[in-house]
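Here is the structure we will look at.
Since every read-out is calculated from the coordinates, none of them should be taken as a lab result. In this text the structure is predicted, and so the values were computed from the model without any measurement. A quick note on method: Cβ atoms are made from the backbone with ideal geometry, for glycine too, and the neighbour counts reach across all protein chains shown.
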Amino acid sequence: MPAPTLSAPDHSVAVIGAGPGGIAAGVTLKRAGGRDLVVLVRAEKVGGRWRDNGRPELEVDIPSLAYRYSFARNPHWGKLFASGPEVKRYRVAVARQFGSSPNIRFGTTVVGEEWDHDRPARTCPSGWDGDDRSTGRSGS
Ligand SMILES: Cc1cc2nc3c(=O)[nH]c(=O)nc-3n(C[C@H](O)[C@H](O)[C@H](O)COP(=O)(O)OP(=O)(O)OC[C@H]3O[C@@H](n4cnc5c(N)ncnc54)[C@H](O)[C@@H]3O)c2cc1C
């Protein structure tokens, strides 16, 4: 079966990854008015390390409050030291609630960064299933 191919996207801002940092960057940029934004994620879901580490007995080792975003205060933590699955659910909900989900392109690995002297801008070549190369151009 032929590998799927991407048309060449051309975004002014590219965020790499949708772990805690990528979610925060995506939401913050979007709230600042960044419409032409793409979040490139190697995985198929948001959450980063908290998604990968799905052990049910996992808990944070500092109070849950430290794990919430300043723009998404969460009064509903189940306990002082939240479980890993609860932290993961919170992060997924934040990505949805603040509207960054539609900007996320899953299954896309950034394979490098290049500085384009002509634009000037930094480009992030990215591959889908390792076969295609597309360009998420990030801001100058
Ligand atoms: C039980 C537990 C306790 C922890 N306690 C602490 C703590 O007390 N303090 C602390 O600072 N940290 C702690 N951590 C670590 C915490 O998980 C990380 O700090 C946090 O996940 C970092 O977020 P991140 O967004 O920078 O990176 P990550 O969560 O690693 O997310 C990276 C994202 O980028 C994507 N990605 C990576 N490379 C590429 C690429 N080339 N192209 C496309 N996508 C890519 C990945 O798929 C992923 O979605 C803890 C983790 C666990 C599991």
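Condition test on ILE23, is it surrounded by 12 or more Cβ atoms within 10 Å (Cβ to Cβ) and of a type outside the set (Lys, Arg)?
Numbers: surrounded by 12 or more Cβ atoms within 10 Å (Cβ to Cβ): yes; of a type outside the set (Lys, Arg): yes.
Yes: the conditions hold for ILE23.
For segment 75-120, residues that are within 19 Å of ALA24 (Cβ to Cβ) and more than 20 Å from the chain's Cα centre (by Cα) total 2.
With a cut-off of at least 1 residues that are without any contact (Cβ under 8 Å) to a residue 40 or more places away in the chain and within 13 Å of the ligand (Cβ to nearest atom), name the strands (runs of 3 or more DSSP E) lying wholly within segment 15-116. Before you say what the answer is, go through the steps one by one.
Working: elements: 37-40, 108-110, 114-116.
Of the strands (runs of 3 or more DSSP E) lying wholly inside segment 15-116, none has at least 1 residues that are without any contact (Cβ under 8 Å) to a residue 40 or more places away in the chain and within 13 Å of the ligand (Cβ to nearest atom).
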